[in-house]
Amino acid sequence: MTIQWFPGHMTKAKREMQENLKLVDLVIELRDCRIPLSSKNPMLDEIIQTKPRLIVLSKKDKGEAEITQQWIEKLKDDTTLVIAADLLHDSFVPKLTQACKEVMKEKIERMIRRGIRPRAIRAMVVGVPNVGKSTMINRLAGKKIAQTADRPGVTRSLQWVKLNKDVELLDTPGVLWPKFEDPTVGFHLALTGAIRDEILPKEEVVVYALKWLSDNEPQRLKERYALQNLAADPYALLTQIAVARKHLNKQGEADLTRTIDMVINEIRNDKLGPISWERPA
Ligand SMILES: Nc1nc2c(ncn2[C@@H]2O[C@H](COP(=O)(O)OP(=O)(O)OP(=O)(O)O)[C@@H](O)[C@H]2O)c(=O)[nH]1
């Protein structure tokens, strides 16, 4: 499997992000709640270093509530707070404001002790493509403003989205590519629609998904495709699904290409229910 990671592109994105980081007190890192490990950029820690961080697990509506809650507990530490949100529907200004203040609590108290009146907390949103950065900024701004930062040659003056007197967000999110030398990371990104279909063979993605579902959520597969038993071999299982859905060619043989497309679309559109592909150990 050959996957490009565009090192040149990353260097530029990293440099721009480092410039913007100087302007903010806090980083809001978005990760997909279904794949909080695979949707983490491995360079981010190095880039933001000790800057306080709030992790927002996005697409809460598409993940399993219990697992997301477990991730919230698992990922938080002394300097990092974690919250989850359905960025399309939740009205999360109060929750986000509260979380930002909580992360910055010590610094704010220190300023007050020194007699400095704290100004609004300035934050920037960062995350891998498709994780919900623009959606979040646009919802918080109440209008469409966020553009992705990865377009070459687009230089804009920076603007701040004022949430309230306590928090302001930089209107330009920081985009960092996921790194997927580990094939599982690539499969997770593909199953959640985070990378284009051309990047990984759909067949490999579906084989991975069927094996994972057979091991972890067999009942969902049985119910969705009206199967009594699940074949152990993923291709035999695909054939079972093809037959159940009457995906047959003129010779009456299973049309696996059609079935592969159907399964991947059904997974992405939550037809098998919300699925958290990564679960805390
Ligand atoms: N169901 C659901 N969909 C979401 C949520 N947040 C974002 N989306 C959808 O995810 C897709 C990607 O969202 P964007 O806001 O464009 O993501 P981005 O991180 O700005 O992506 P890039 O511009 O590629 O960097 C869009 O179709 C959104 O509608 C969420 O919380 N729940």
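The values are calculated or read from the model by the stated rules, or taken from the named source; none is laboratory data. Worth saying up front: this structure is predicted, and the values here are computed from it rather than measured. Don't worry about glycine lacking a Cβ; one is built from the backbone with ideal geometry, like all the others, and counts go over all protein chains shown. The protein model used for the area step is the full one, side chains on, heavy atoms only, and it has no ligands, DNA or RNA in it. Shrake-Rupley method; radii C 1.70, N 1.55, O 1.52, S 1.80 Å.
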Which one of these is open to solvent by less than 50 Å² (accessible area, probe 1.4 Å), part of a helix (DSSP H, G or I) and out of contact with any Leu (no Cβ under 8 Å at 6 or more places or on another chain): L200, L189? L189
K95 at pLDDT 90 or above, surrounded by fewer than 16 Cβ atoms within 10 Å (Cβ to Cβ) and within 14 Å of the ligand (Cβ to nearest atom): yes
Please find, among K271, K246, the residue that is open to solvent by 50 Å² or more (accessible area, probe 1.4 Å), in a loop (DSSP other than H, G, I, E, B) and on the phi < 0 side of the Ramachandran plot. K271
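Any idea how many residues of region 49-72 are part of a helix (DSSP H, G or I) and open to solvent by 10 Å² or more (accessible area, probe 1.4 Å)?
Residues of region 49-72 that are part of a helix (DSSP H, G or I), as a first pass: 60-62, 65-72.
Now drop any that are not open to solvent by 10 Å² or more (accessible area, probe 1.4 Å), which leaves 60-62, 65-67, 69-70, 72.
Residues in region 49-72 being part of a helix (DSSP H, G or I) and open to solvent by 10 Å² or more (accessible area, probe 1.4 Å): 9 in total.
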Tally up the residues in region 124-179 that are hydrophobic (A, V, I, L, M, F, W, C), within 7 Å of the ligand (Cβ to nearest atom) and at pLDDT below 85, please. 2
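Looking only at region 103-144, count every residue that is charged (D, E, K, R) and touching a residue at least 24 places away in the same chain (Cβ under 8 Å) and tell me the total.
The initial filter retains those residues of region 103-144 that are charged (D, E, K, R), namely 105-107, 109-110, 113-114, 117, 119, 122, 133, 139, 143-144.
Cutting the leftovers down to touching a residue at least 24 places away in the same chain (Cβ under 8 Å) gives us 107, 122, 133, 139.
So the answer is 4.
Of the residues I35, I83, which is open to solvent by 10 Å² or more (accessible area, probe 1.4 Å) and not in a helix (DSSP H, G or I)?
Values: I35 fails: open to solvent by 10 Å² or more (accessible area, probe 1.4 Å).
After applying the criteria, what remains is I83.
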